[in-house]
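The values are calculated or read from the model by the stated rules, or taken from the named source; none is laboratory data. What you are looking at is a predicted structure, and each value in this text was computed from that prediction instead of being measured. Positions of Cβ are generated from backbone atoms using ideal geometry, with glycine treated the same way; all protein chains shown enter the neighbour counts. These accessible areas exclude ligands, DNA and RNA; they are computed on the full protein's heavy atoms, side chains included. Shrake-Rupley method; radii C 1.70, N 1.55, O 1.52, S 1.80 Å.
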Amino acid sequence: MEDKPTAVEELFDSLKEYGEARVQLLKLIAINKVSGFASTVVSMIILIMILFTIIFCVSIGAALLIGNMIGEAYYGFFIVAGFYLIIGLILFSVRSSVLREPVSNKLISELVD
């Protein structure tokens, strides 16, 4: 003879199923957030690599052009290096507001949303 589950047993089974479903939902939410964060980081790294390649090629071209106009190729490289030194010093002095905060805000927004 089969016993019918009581209301308390049915409630316990429902709570157990709810708990398992809730754990599964939290796992899926976490996976979604991590995958979104990882894709953002990977895309930022790829864009930065492309940007650096473009800057590298343009810098060599500019250095050769300036050096050709001045008369010695290495002068052009010194001038381009000095230009980057000035830009580097400016970025170093404003690194918190220009670099850290926007990058941190972007990564945090990817994790929170």
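Could you work out the Rg to Rh ratio of the stretch 33-113, with Rh taken as the Kirkwood radius (inverse of the mean 1/r over all Cα pairs)? Don't skip to the answer; put the middle values down first.
Details: Rg = 17.7 Å, Rh = 15.1 Å.
We get a ratio of 1.17 for the stretch 33-113.
Please calculate how many Å² of accessible area the stretch 1-94 carries per residue, with a 1.4 Å probe and no DNA, RNA or ligand atoms counted.
On the way: 7950 Å² over 94 residues.
Solvent-accessible surface per residue comes out at 85 Å².
What is the distance in Å between the Cα centres of the stretch 58-113 and the stretch 29-52?
Using only Cα atoms to place each centre, the spacing works out to 23 Å.
Note down the nm distance, to one decimal, between modelled labels 7 Å out along Cα→Cβ at residue 54 and at residue 16.
Reported label-point gap for residue 54 and residue 16 is 5.9 nm.
How large is the accessible surface of residue 18 in square angstrom, using a 1.4 angstrom probe and rounding to the nearest 10?
140 Å²
222 nm [θ] for the chain, helices only, -39500 (n - 2.57) per DSSP H run of 4+, per residue, to 500?
Details: 3 runs with 97 residues, N = 113.
Helix-only estimate at 222 nm: -31000 deg cm²/dmol.
Longest segment of the chain with no GluC sites (Glu not before Pro) in a DSSP loop having at most 16 other Cβ atoms within 10 Å? List each step's numbers first, then the result.
Numbers: sites that count: 2, 72.
Value returned for the longest uninterrupted segment is 3-71.
At a 1.4 Å probe radius, which order do 37, 12 fall into by accessible area, largest first?
Details: 37 60, 12 130 Å².
Listed by decreasing accessible area, they come as 12, 37.
Pick out, from 36, 108, 69, the residue whose Cα sits farthest towards the positive end of the charge dipole of the chain, with +1 on the Cβ of Lys and Arg and -1 on the Cβ of Asp and Glu.
Most positive-ward Cα: 69.
Hydropathy at least -0.5 by Kyte-Doolittle, axial extent at least 30 angstrom from the Cα trace: which helices of the chain, defined as entire DSSP H runs, fit?
On the way: long enough: 7-70 (92 Å, 1.35); 73-93 (31 Å, 2.02).
Result, helices passing both filters: 7-70, 73-93.
Among 58-68, 25-35, what's the highest-first ranking by average C-beta atoms within 10 angstrom per residue? Please list the in-between numbers first.
Values: 58-68: 14.6, 25-35: 10.6.
Descending packing order for the listed peptides: 58-68, 25-35.
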